[in-house]
Amino acid sequence: MGVTTLAAILWEPSIERFLFILKVMFMTLVIAMVVRTREEIVGLVWVIVASMSFYGIKGGLFTVLSGGGDRVWGPPDSVIEGNNELAVALVMIVPLLFYLSRHLDIGLPAYFAAKSRRQLVRVTLIVAMVLCGIAAIGSQSRGALLAVTAMLMSMWWRSDKKVPVLAAMVLVIPMVLVMLPDSWYSRMETIGAYEEDASAMGRINAWTMAYNIAKDRITGAGFVTAAPEIYAQYAPNPNFVLVAHSIYFRSWASTALSVWRYI
């Protein structure tokens, strides 16, 4: 990352992004140093779940009350502000909620030792799972629809209670789909007819640009590539500047992953 930043086409915005990522990685190392036992790891999961599920519960209720007519967005000026970014975070949170609901013997204060109180926590976590899933769908992110589908299939396959889980999915999923407006279905249908959707074609334009950068620059273009001057050099359509929304293609464009060309 340091090499690709030094050789970035747009150096100043790339160095700003690089410094931000260094701060994130520094705190990741701090967490790795202080979180070592199973109890500490579960405690960290509780903190993550409590922080993120707040937006999932809020967004899920908003989707239900609004009938899914408006998109769910994340908190302003954060890495999950966009609907796509928030949807990714919520899809990642649901399995953690499921894990905590199955392992209430770790991480909870002594107050919840009673069976009735633990059952209340378990029900709360299950409700949070449903609302986070609804919020992800309510973000109107097409990637979220695919991710939620894959996540549900994976959770069902790994569950040791496949029949109850399948019954719950059969009960809840149609209820969610029925309440969604026509605008949501119109947006999701563009997955199959992507050639007719400007946003989808913009992503393909961005992916092609990333591929062209990877072929041309062994160091990549730096962290900031969604800019007119870079699109003018590498994109098939230089006038359609749009972020890739793909970690794979963004890595191709941003970092030194094009070394395969020189081997």
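Number of residues in the range 1-14 that are surrounded by 17 or more Cβ atoms within 10 Å (Cβ to Cβ) and either in a helix (DSSP H, G or I) or in contact with a Ser or Thr (Cβ under 6 Å, 6 or more places away or on another chain) (or both) equals 4. Among the conditions (1) assigned to a helix (DSSP H, G or I); (2) surrounded by 17 or more Cβ atoms within 10 Å (Cβ to Cβ), P95 misses just one, which is (2). Taking L44 as the residue in question, decide whether it is modelled with pLDDT of 90 or more and more than 24 Å from T225 (Cβ to Cβ). Spelling it out, L44 is indeed modelled with pLDDT of 90 or more and more than 24 Å from T225 (Cβ to Cβ).
Taking the range 60-76 as the range and being open to solvent by 70 Å² or more (accessible area, probe 1.4 Å) and assigned to a loop (DSSP other than H, G, I, E, B) as the test, the residues that pass are D70, R71, W73, P76. Taking the range 20-37, which residues are under 19 Å from S251 (Cα atoms) and over 22 Å from the mean Cα position of the chain (by Cα)? Scanning the range 20-37 gives no hits. For A136, are the conditions met, namely being within 14 Å of the chain's Cα centre (by Cα), closer than 24 Å to R71 by Cα, in contact (Cβ under 8 Å) with a residue 60 or more places away in the chain and open to solvent by less than 80 Å² (accessible area, probe 1.4 Å)? Taking the combined requirement at face value, the residue satisfies it.
Here R36, R17 are screened, and the one residue that is outside any helix (DSSP H, G or I) and open to solvent by 70 Å² or more (accessible area, probe 1.4 Å) is R36.
On inspection, V79 does not qualify as over 26 Å from V178 (Cβ atoms), open to solvent by 80 Å² or more (accessible area, probe 1.4 Å) and either of a type outside the set (A, V, I, L, M, F, W, C) or at pLDDT 90 or above (or both). Listed by first and then second residue, the pairs with beta-carbon distance under 6 Å, at least 6 apart or on different chains, first residue in the range 233-244 and under 9 Å from G202 (Cβ atoms) and in a loop (DSSP other than H, G, I, E, B), second among the aromatic types (F, W, Y) and at pLDDT 85 or above, are V241/Y231. Would you say A110 is modelled with pLDDT under 85 and surrounded by fewer than 16 Cβ atoms within 10 Å (Cβ to Cβ)? It is true that A110 is modelled with pLDDT under 85 and surrounded by fewer than 16 Cβ atoms within 10 Å (Cβ to Cβ). Taking G69 as the residue in question, decide whether it is of a type outside the set (D, E) and under 17 Å from the mean Cα position of the chain (by Cα). Spelling it out, it is not the case that G69 is of a type outside the set (D, E) and under 17 Å from the mean Cα position of the chain (by Cα). Among R158, R118, which is touching a helix residue (DSSP H, G or I) at 6+ places or on another chain (Cβ under 7 Å), under 28 Å from E40 (Cα atoms) and open to solvent by 60 Å² or more (accessible area, probe 1.4 Å)? Exactly one of R158, R118 is touching a helix residue (DSSP H, G or I) at 6+ places or on another chain (Cβ under 7 Å), under 28 Å from E40 (Cα atoms) and open to solvent by 60 Å² or more (accessible area, probe 1.4 Å), namely R118.
The values are calculated or read from the model by the stated rules, or taken from the named source; none is laboratory data. Since this is a predicted model, take the numbers as computed values, not measurements. As a convention, Cβ positions derive from the backbone with ideal geometry for all residues, glycine included, and neighbour counts pool all protein chains shown. These accessible areas exclude ligands, DNA and RNA; they are computed on the full protein's heavy atoms, side chains included. Shrake-Rupley method; radii C 1.70, N 1.55, O 1.52, S 1.80 Å.
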